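Student: After the structure tokens below, expect a handful of questions from me.
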Amino acid sequence: MLNTTEVNPGLEGVVAADTRLSSVDGQHGELLIAGFPVETLAPKASFEETVYLLWHDTLPDIDRLAAFRHELQAARALPPATLELLHAAAMESIPPMDALRMAAGTLSLPAPGLVVSDAQATANAVVARFPTIIAAYWRLLHGDPLVDPDPQLDHAANFLYMLTGEIPHPERTRGLETYLNTVVDHGLNASTFTARVIIATGSDLVSAITGAIGALKGPLHGGAPGPALDMVFEIGEVASIDRVLRQKLATGERLMGFGHRVYRVRDPRADVLAVAAEHMYQAAGDMQLYTLAKAVEERAVALLAEHKPGRNLQTNVEFYTALLLHGLDLPTELFTPTFAISRVVGWIAHCFEQQALHRIIRPQSIYHGPRDRQWVPLTER
Ligand code: COA
């Protein structure tokens, strides 16, 4: 029987879904994605393989993978109204996450040459178009001509190509794919829960992913990597680490990239991304930022232990996300939109799971407002 006198505002420990998509073990620091440890899957799979795995619960064979790649490639073009909206947003210098949210809502419109016949085709179109929206918007913001998608390139490489106009080195594509695979799904995080709540009302996929983008944007969820990198830049040198971090903690600031609602040990995704980031900086021949970040991480964990004894606040995924994406030359403003390119796949998979349940999500609240108010007519107030 539900105890309606107890309030749990953060829903900690509340189990609201069965899922086959990912398993987050916060005590042991283990993440499974569709049965694979993240350390195994993320550095090996192409992003298309991960999407297929998550949606179909099996790895594709060569033919299925080729067909799926083709379906995504064919769905990349944007509806004309989406581009018009992005132009208008760029004129107002709207932040990229807000532009993505606005543009995502237009994905209910048909795009030229593509018949979106069912939910799966809608899912493909949404995933295929997120990179197009983000790359196009970034270029519009900077007054650069748009770069059309390249049908020869896969999802991750094509995103980098549309952003820069240059075909990326395979090592960079691998770095981005490792990142996209790492963050594709993560239990009932805030944006995924948002998507499930929306779709559970009987609403549609585009509405669900649009709402989820709003949840992802917040600095306590997907908005942390930008500030995490800013913090490393602000520190600037090893000698300043303790002074800056202590000052932040003393003024009640949270150290971005540390702490997690579920993990009570180090976030396993941090290690996967740390390795990928190290490769990226080694290949570029400049380890300065990586070395500084490692030192910041070590001191941050130690100072957080002093600050919140017994809580074991550890490095989370966002710290190394920031380093890796910066190593890929992605601008800070695109860190969270790039997260969305990946996580939209998880949102959609969760929406499909939730739809199969045919059950609205409806928790309760306890009323603490007044009960004996007297109505005063407007002219007497
Ligand atoms: N820096 C400083 N203090 C932190 C902290 C951080 N990164 N993370 C948690 N704390 C503090 C909290 O303020 C809280 O203090 P209080 O008890 O005095 O209020 C205490 O540690 C326990 O917090 P906890 O319950 O573990 O956090 P949460 O579950 O409410 O929040 C996060 C989890 C992720 C929102 C939180 O750790 C945070 O804000 N981290 C920084 C943002 C970030 O990196 N987000 C990306 C997550 S993947």
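The values are calculated or read from the model by the stated rules, or taken from the named source; none is laboratory data. Values in this document were obtained by computation on a predicted structure and should not be read as measured data. Ideal geometry is used to build each Cβ from the backbone, glycine not excepted, and the neighbour counts take in all protein chains shown. Note: areas computed on protein heavy atoms with side chains; ligands, DNA, RNA excluded. Shrake-Rupley method; radii C 1.70, N 1.55, O 1.52, S 1.80 Å.
Student: Please give me the summed charge of the neighbours of Thr182: other residues whose Cβ is under 15 Å from its Cβ, Lys and Arg +1, Asp and Glu -1.
Tutor: Working: positive: Lys44, Arg174, Arg266, Arg269, Arg343; negative: Glu30, Glu39, Glu49, Glu177, Asp185, Asp267, Asp271, Glu278, Glu318.
My count for the surroundings of Thr182 gives -4.
Student: Which of the three applies to segment 226-327, rounded, prolate or oblate, going by the alpha-carbon gyration tensor with a ≥ b ≥ c and a/c under 1.5 meaning rounded?
Tutor: oblate
Student: A further question follows. For segment 143-275, what is the Kirkwood hydrodynamic radius in Å, using each pair of distinct C-alpha atoms?
Tutor: 18.0
Student: Here's a follow-up. What list of ³J(HN,Hα) couplings, whole Hz, do you get for segment 231-240 from phi and the Karplus terms 6.51, -1.76, 1.60, once you set θ to phi - 60° and write x for glycine and proline?
Tutor: For segment 231-240, the Karplus-derived couplings read 5, 5, 5, 4, 5, x, 8, 3, 4, 9 Hz, x marking Gly and Pro.
Student: Write down, largest first, the equivalent ellipsoid semi-axes of segment 1-114 in whole Å, where each equals the square root of 5 times an eigenvalue of the alpha-carbon gyration tensor. Numbers along the way, then the final one.
Tutor: Numbers: eigenvalues 224, 145, 39 Å².
That gives 33, 27, 14 Å for the three semi-axes.
Student: A follow-up question, please. What does the highest-first list of 324-334, 22-32 look like by mean Cβ count within 10 Å?
Tutor: Averaged packing, sorted descending, gives the order 324-334, 22-32.
Student: Kindly provide the GluC sites (Glu not before Pro) of segment 82-169 that DSSP labels as loop, not H, G, I, E or B, and whose Cβ sees at most 15 other Cβ atoms within 10 Å.
Tutor: Counting only loop positions with at most 15 other Cβ atoms within 10 Å, the GluC sites (Glu not before Pro) in segment 82-169 are Glu92, Glu166.
Student: Once label points are set 7 Å from the Cα along Cα→Cβ at both Lys44 and Glu234, what is their separation, rounded to one decimal in nm?
Tutor: Placing both labels 7 Å along Cα→Cβ, they lie 4.1 nm apart.
Student: Across bins of 10 angstrom width beginning at 0, how are the C-alpha pair distances of segment 266-306 distributed, in whole percent?
Tutor: Reading the bins upward from 0: 27, 50, 20, 3.
Student: In Å, what Kirkwood hydrodynamic radius results for the chain from the alpha-carbon pair distances?
Tutor: Values: mean 1/r = 0.0454 Å⁻¹.
The Cα-based Kirkwood calculation yields 22.0 Å.
Student: Separate question: What number comes out for the charge environment of Val262, summing +1 per Lys or Arg and -1 per Asp or Glu over other residues with Cβ under 12 Å away?
Tutor: Here the count lands on -1.
Student: Give me the dipole magnitude in Debye, nearest 20, for the chain about the Cα centre, with unit charges on the beta carbon: positive for Lys and Arg, negative for Asp and Glu.
Tutor: Result for the chain is approximately 1140 debye, rounded to the nearest 20.
Student: Taking only protein heavy atoms and a 1.4 Å probe, what accessible area per residue, in Å², does the chain have with all protein chains in place?
Tutor: Value returned for the chain: 49 Å² of accessible area per residue.
Student: State the answer as a single residue: which of Ala274, Met256, Ala305 lies farthest towards the positive end of the charge dipole of segment 226-327, with beta carbon charges of +1 for Lys and Arg and -1 for Asp and Glu, about the Cα centre.
Tutor: So the residue furthest toward the plus end is Ala305.
Student: Would you rank Thr5, Thr338, Thr40, Thr201 by solvent-accessible area, highest first, keeping every protein chain in place and using a 1.4 Å probe?
Tutor: The most accessible residue leads, giving Thr5, Thr201, Thr40, Thr338.
Student: If you don't mind, there's one more thing I want to ask. Give me the net charge for the shell around Val116: Cβ to Cβ below 15 angstrom, other residues only, Lys and Arg +1, Asp and Glu -1.
Tutor: Result for the neighbourhood of Val116: -1.
Student: Tell me whether segment 189-264 comes out rounded, prolate or oblate; compute the Cα gyration tensor, take square roots of the eigenvalues as a ≥ b ≥ c, and use a/c under 1.5 as the rounded threshold.
Tutor: Details: a/c = 4.23, a/b = 2.94, b/c = 1.44.
It comes out prolate by the Cα gyration axes.
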